[in-house]
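Right, one structure below, let's go through it.
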């Protein structure tokens, strides 16, 4: 089986929808996704920007998507020691992240001191329980270090969601620390991340990432990618992932 994790197109956070560029990205994305064979089901976050992105594809294929509340972004918050304010746990400065090796280990990342008095563990449990529940519909049961599968198929499920929750799902399925993905990789707007099962022993499955943050549908149409979610490539004094044009 395959799981396709789709980040929403370029967002307009002020109205929880898409920018004009985001609507174009979503249309180009839909031209790609409507050609994916054997899609079993579509799922989406309850957030408007994810619903708007999914809408273009769903209209093309004449399908509906089920809303999964836990896909509504990874909502874990903690004290950011660099800024002395409460922020998303997935946005630490590089020196802080690399100064705590436990954050890179999937078995110890939750022991980070600034997560102790936060909701990060609760949201992580919500996320992993959500993944477990969803995959159980298709006969997958997690039994470390593998997943057991009663009836693995070559079908596809598509999740329309957000950067941080998409990375969290990817980390859980591949047994990685989500902090490693949050800090070192990026899912740009409208990107597609694909995970596929490998069943080398009958009934025992592991998940393998085939592509992460793929935006070939944008490149094919000559559309530039959005930098929403990326800090400046070259220092310019900004400490935000908002594209510079948003501040004009």
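Nothing in this text is a laboratory measurement; each read-out follows from the coordinates by a stated rule. In this text the structure is predicted, and so the values were computed from the model without any measurement. Cβ sites come from the backbone with ideal geometry, for glycine too, and all protein chains shown count toward neighbours.
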Worksheet, complete the sentence: Inter-part gap, Cα centre of segment 3-61 to Cα centre of segment 194-215, in whole angstrom, is 22
Worksheet, complete the sentence: Subtracting the Cα-Cα distance of residue 96 and residue 142 from 0.36 nm times their residue separation yields 13.3 nm
Worksheet entry | CD proxy at 222 nm, helix term only [per DSSP H run n ≥ 4: -39500 (n - 2.57); per residue of the chain; nearest 500] | -9000 deg cm²/dmol
Response to the item:
The Kirkwood hydrodynamic radius of segment 73-211, taken as the inverse of the mean 1/r over all distinct Cα pairs, in Å, comes to 16.0
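Could you work out how much longer the chain between residue 108 and residue 16 gets when fully extended? Use 0.36 nm per residue separation minus the Cα distance between them, nm to one decimal.
Working: separation 92, 0.36 × 92 = 33.12 nm, distance 3.40 nm.
Using 0.36 nm per residue and subtracting the Cα-Cα distance, I get 29.7 nm.
At a Förster radius of 30 Å, what calculated FRET efficiency corresponds to the Cβ-Cβ distance of residue 35 and residue 125, to the nearest 0.05?
E between residue 35 and residue 125, to the nearest 0.05, is 0.25.
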Worksheet item: Extent of segment 38-140 along each principal axis, from alpha carbon coordinates, in Å, largest to smallest?
Response: 49, 30, 21
Fill in: residue 198/residue 150 FRET efficiency (R0 22 Å; Cβ-Cβ; nearest 0.05)
0.85
Worksheet item: For segment 2-247, what proportion of DSSP beta bridges, expressed in % and rounded to the nearest 5, is antiparallel?
Response: 65
